[in-house]
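Taking it in order: structure first as structure tokens, then the write-up.
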Amino acid sequence: MGRLVRAAVLQTQWTGDKESMIDLHEEYARKAAADGVQVICFQELFYGPYFCQVQDVEYYGYAEAIPDGPTTQRFQALARELGMVMVLPMYEKEMAGFLYNTAAVIDADGSYLGKYRKHHIPHVGGFWEKFYFRPGNQGFPVFDTAVGKVGVYICYDRHFPEGWRALGLNGAEIVFNPSATSRGLSAYLWKLEQTASAVANMYFVGAINRVGVEDLGDNDFYGTSYFANPRGQFVGDVASDTDAELVVRDLDLDMIEEVRNQWAFYRDRRPEAYGALTEG
């Protein structure tokens with residue numbers, strides 16, 4: 001047996017209020033722990049609706065400090081109790097007017113390891129994110145957790161290969177991409193981009209999407225969360241496109257070295273030839 005990690009991602013519907021949404025995620029985390037899960041990631045902006053379907057300052061009220069806010073602290077205590085690494089995608093308030101789409105990473109002993117702030121902020125019909133978020137400004141950190149080296153990329157980020165590569169170069173073994181993605185324009189890319197990024201960088205990817213139609217707009221979130229291995233293959237089945245689901249998979253991290261020895265993409269990179277890519 002290799003270096004096995006039991007990992008989970010959770011896709012679910014909006015319950016209608018923040019407190020019940022947080023309670024629901026705690027309930028699922030406990031269920032995951034009972035099944036031996038060692039690391040879990042929730043969906044983008046997990047405790048709220050996907051409010052970016054409208055532009056309304058009312059929704060700034062969902063933002064919290066990270067790590068000093070109540071949700072981070074609550075899940076730090078839960079992570080400590082369950083012995084589980086947790087990735088918490090939340091709306092972050094650094095100070096008045098400084099709001100970010102962020103994921104906090106909590107280690108299995110409950111310690112706060114740091115956060116990733118979404119870099120690429122869309123602003124198109126139904127995804128009015130520049131109204132709510134400043135672009136990420138803390139790089140592409142990789143967190144040394146109890147289960148291995150974990151990175152995060154958030155939703156629209158996945159369309160940009162540079163961050164995936166930066167996470168790989170920074171040592172990521174598992175990268176989670178929590179999302180709020182609806183049927184339509186990008187649906188056909190969902191099973192393509194993240195699997196392609198997994199094989200291009202030869203690490204595991206956990207792709208998370210919410211489900212259901214929310215009353216702020218007509219976006220129909222289609223779930224189909226999954227794990228991809230370093231060969232770009234699905235690990236087990238893809239989740240439902242309509243129902244809440246806790247996706248639990250065993251990931252053999254030894255596969256990373258095996259695949260990198262076969263493909264050697266990092267060895268054969270030519271960074272000295274790519275300078276023009278950053279000049280435009």
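The values are calculated or read from the model by the stated rules, or taken from the named source; none is laboratory data. The shown structure was predicted, so the numbers you read here are calculated from the model rather than taken from an experiment. All Cβ positions, glycine included, derive from the backbone under ideal geometry; neighbour counts span all protein chains shown.
Just a few scattered comments:
- Once the range 141-187 is narrowed to residues that are among the aliphatic types (A, V, I, L, M), assigned to a helix (DSSP H, G or I) and touching a helix residue (DSSP H, G or I) at 6+ places or on another chain (Cβ under 9 Å), the residue that is farthest from Arg269 (Cα to Cα) is Leu167.
- Any hit, the range 130-139, residues being outside any loop (DSSP other than H, G, I, E, B) and in contact (Cβ under 8 Å) with a residue 24 or more places away in the chain: yes
- The range 215-237, residues that are in a loop (DSSP other than H, G, I, E, B) and either within 20 Å of the chain's Cα centre (by Cα) or farther than 24 Å from Phe51 by Cβ (or both): Asn219, Gly223, Thr224, Ser225, Asn229, Pro230, Arg231, Gly232, Gln233, Val235, Gly236, Asp237
- Count - residues of the range 138-183 that are in contact with a Gly (Cβ under 7 Å, 6 or more places away or on another chain) and among the aromatic types (Phe, Trp, Tyr): 4
- Some residue of the range 47-62 being of a type in the set (S, T, N, Q) and modelled with pLDDT under 95: yes
- The range 97-136, subset of a type in the set (Ser, Thr, Tyr) and in contact with an Asp or Glu (Cβ under 8 Å, 6 or more places away or on another chain), residue nearest to Ala63 (Cα to Cα): Tyr100
- Looking across the range 238-263, the residues that are out of contact with any Gly (no Cβ under 8 Å at 6 or more places or on another chain) and assigned to a helix (DSSP H, G or I) come down to Ile256, Glu257, Glu258, Val259, Arg260, Asn261, Gln262, Trp263.
- Some residue of the range 18-37 being exposed (fewer than 14 other Cβ atoms within 10 Å of the Cβ), at negative phi and in a strand (DSSP E or B): no
- Among (1) among the aliphatic types (A, V, I, L, M); (2) part of a strand (DSSP E or B); (3) closer than 28 Å to Gly217 by Cβ, the one test that Ile121 misses: (2)
Let's see how each residue does on (1) β-branched (Val, Ile, Thr); (2) in contact with a strand residue (DSSP E or B) (Cβ under 6 Å, 6 or more places away or on another chain):
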site: Gly139; (1), (2): no, no
site: Lys149; (1), (2): no, yes
site: Val152; (1), (2): yes, yes
site: Phe160; (1), (2): no, no
site: Phe176; (1), (2): no, yes
site: Tyr188; (1), (2): no, no
site: Thr195; (1), (2): yes, yes
site: Ala200; (1), (2): no, no
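- Among the candidates Asp109, Asp68, Asp157, residue that is at pLDDT 95 or above, acidic (Asp, Glu), out of contact with any Leu (no Cβ under 8 Å at 6 or more places or on another chain) and crowded, with 18+ Cβ neighbours inside 10 Å: Asp157
- Exactly one residue out of Thr181, Thr224, Thr195, Thr145 is of a type in the set (Val, Ile, Thr) and closer than 14 Å to Ala103 by Cβ, and it is Thr145.
- The range 218-231, subset surrounded by fewer than 18 Cβ atoms within 10 Å (Cβ to Cβ) and either among the β-branched types (Val, Ile, Thr) or in contact with a helix residue (DSSP H, G or I) (Cβ under 9 Å, 6 or more places away or on another chain) (or both), residue nearest to His25 (Cα to Cα): Asp218
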